[in-house]
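A.B. asks: So that we are looking at the same thing, I have put the structure below in structure tokens.
Please treat every number below as a calculation from the coordinates, not as lab data. From a predicted model like this one, the values you see are computed outputs, not experimental measurements. Neighbour counts run over all protein chains shown; Cβ positions are idealised from the backbone, glycine included.
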């Protein structure tokens, strides 16, 4: 018998006997989509073989890292499933071999008895402290408990500021020394608010929230990505949600707004699946033929391109419609939006504000079209500094003298107007070779030749629509709540949950965030969903199920950049007790 055969015999032994040996050689592979793309393999491994965790769900798992090598210790607190009436604390040793209960003790600080059992709370670990926030006992709780993992001791700390209102099934996400609490369910309401606990100062605060927030929800997931934003996925309100939201907490946009406002700020950005059509910024002096080139594009590709609708504070003229010709706005409202960074570019022209909003450009992309921005160089500079990932093209005449001849040949303007246009053109043409601003310089010496060159630049020379102009159908999982989420490098791994039909599921989803674009105050784009294909490595053992049983209300923690621990859950009938290590490898 070879080594591989022996490994799979071990797996079979555990499946049948479920005792004594921790290694299970099941594997889960994601299909390789493109040549050269790394394959991601998920292998399952049981933990706690020498001492298992009781059957639990609606508990919390918190890793506590030490300076020693190996895995962190993992603490399980509270939860449904056992008959005990006290708040249970279990710890998994750093070798992942044995769960041990930490016997309840008094709070010491207050002399009170042991804390009552609670469920659907949140827990945040910082150093040797685990903060348990809210939850449910015989009522919805609004307190905060603290567990010292070194002394194995509970306390009820004091805080400055107002604590979040009583809630359960919320999330608490650690960012540096702060804990961000979002959502949850109260006695009679569901929340979508944000609260911040600064553990350095023991202060609770309610930040200024920029952007449109997600709908109120509970039993959602929240994980930190890129150290600067929290991904909120799914949850439940009147139905199971399937949307993705980003709560930006340390992004450049949030830092800038925090500095401007002088107070704590967070910002919401809705997640968009798939690659959106890349906007195109086209600049060029008056008389260069820019409008003619754009019109030719629109005529040949009427369904591929679109223009954003600009904003202005001037009054509508006869027959002008709001949202069609312009978005007409009041000056204080538009000034506030500009201050919040919601505009790509803006200018005061003859006492009225004009500008292009991020939302207006995204509306074109949401319609499946590629947005063309026909703006001046000053506006292009502002767009370049924004989060918009655009293609910048400068249309130039063969010479300044040729441009002057074209302007004078039109015979439609006074000498004063021509001189003004030439003055502006000279300034703009001086920037045309600036490679930090423009991606391409196109010389328009012949309109037909220039048009063909423009199509090549935009990737349109070989197909009617290309270079992001046509959106492909993207996989979109059904809504769910009570699922788990963990981060492995740039991927968020989602497991299980409860669907709208009341069914527990056991699918493994992967949300790839490596291609993130844009962000607050607009949407966050470039997300890609994939579904992991569950199968065993060896065809001779294809009858072995490599999956965990369907479940919801289980818990997960990341033990390392490539390892996730999953524990417990509810399968629709009973609490579960298994603890499984999910190893993620790229090759």
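A.B. asks: So how tilted is helix 3-17 from the main axis of the chain? Cα-based, degrees 0 to 90, rounded to 10.
C.D. replies: With both axes taken from Cα atoms, the answer is about 60 degrees.
A.B. asks: Grab the DSSP H runs of the chain that are 4 residues or longer, score each as -39,500 (n - 2.57), total them, divide by all residues and round the 222 nm result to the nearest 500 deg cm²/dmol.
C.D. replies: Working: 9 runs with 101 residues, N = 587.
Here the helix-only value at 222 nm equals -5000 deg cm²/dmol.
A.B. asks: Further question: Stretched out fully, how many nm does the piece from residue 441 to residue 143 gain, at 0.36 nm a residue minus the Cα gap? Can you show the working numbers first?
C.D. replies: On the way: separation 298, 0.36 × 298 = 107.28 nm, distance 6.19 nm.
Taking residue 441 through residue 143 to full extension adds about 101.1 nm, to one decimal.
A.B. asks: Which of 553, 490 has the fewest other C-beta atoms within 10 Å, and how do the rest follow up to the most?
C.D. replies: Working: 553 29, 490 13.
Ascending number of Cβ neighbours within 10 Å: 490, 553.
A.B. asks: Averaging sequence separations of C-alpha pairs under 8 Å and six or more residues apart, then dividing by the length of the chain, give the relative contact order as a whole percent. Can you show the working numbers first?
C.D. replies: Numbers: 1354 pairs, mean separation 91.5, N = 587.
Dividing the mean separation by the residue count of the chain yields 16 percent.
A.B. asks: As a footprinting exposure proxy, order 298, 429, 458 by other Cβ within 10 Å, with the fewest listed first. The partial results should precede the final answer.
C.D. replies: Details: 298 14, 429 19, 458 24.
Least to most surrounded, the residues fall as 298, 429, 458.
A.B. asks: Can you match percent of Cα pairs over 33 Å apart to one of these, [x] 64; [y] 70; [z] 53, based on a calculation from the structure here?
C.D. replies: Computed from the coordinates, percent of Cα pairs over 33 Å apart corresponds to [z].
A.B. asks: Using Cα atoms only, what is the angle between the long axis of helix 252-261 and the major principal axis of the chain, expressed in degrees (0 to 90) to the nearest 10?
C.D. replies: 80 degrees
A.B. asks: Fewest first, what order do 208, 312 take by the number of other Cβ atoms within 10 Å? If you can, show how the numbers build up before the last one.
C.D. replies: Details: 208 14, 312 20.
Fewest-to-most ranking of 208, 312: 208, 312.
A.B. asks: Please report how far the C-alpha centroid of region 277-342 lies from that of region 150-220, rounded to the nearest whole angstrom.
C.D. replies: 41 Å
A.B. asks: Could I ask something else about it? Rounded to the nearest 10 degrees, what's the angle between the helix 400-410 long axis and the longest principal axis of the chain, both from Cα atoms, 0 to 90?
C.D. replies: With both axes taken from Cα atoms, the answer is about 70 degrees.
A.B. asks: Taking 7 Å along the Cα-to-C-beta vector as the label spot, tell me the residue 98-residue 239 distance in nanometres, rounded to one decimal.
C.D. replies: With each label placed 7 Å out from Cα toward Cβ, I get 5.1 nm.
A.B. asks: May I pose another question? Using only the C-alpha atoms of region 185-259, find the volume of their convex hull and express it per residue in Å³. Show your work: numbers first, answer last.
C.D. replies: Working: hull volume 8.8 nm³, N = 75.
Convex hull of Cα atoms, per residue: 118 Å³.
A.B. asks: While we're on this one: Can you give the FRET efficiency to the nearest 0.05 for residue 503 and residue 153, using r as the Cβ-Cβ distance and R₀ = 41 Å?
C.D. replies: Values: r = 42 Å, r/R0 = 1.02.
Working from the Cβ atoms, E equals 0.50.
A.B. asks: Per 0.36 nm of contour for each residue apart, how much would the distance between residue 348 and residue 215 grow if the chain were fully extended, relative to their Cα-Cα spacing?
C.D. replies: Numbers: separation 133, 0.36 × 133 = 47.88 nm, distance 3.60 nm.
Full-extension gain reported as 44.3 nm.
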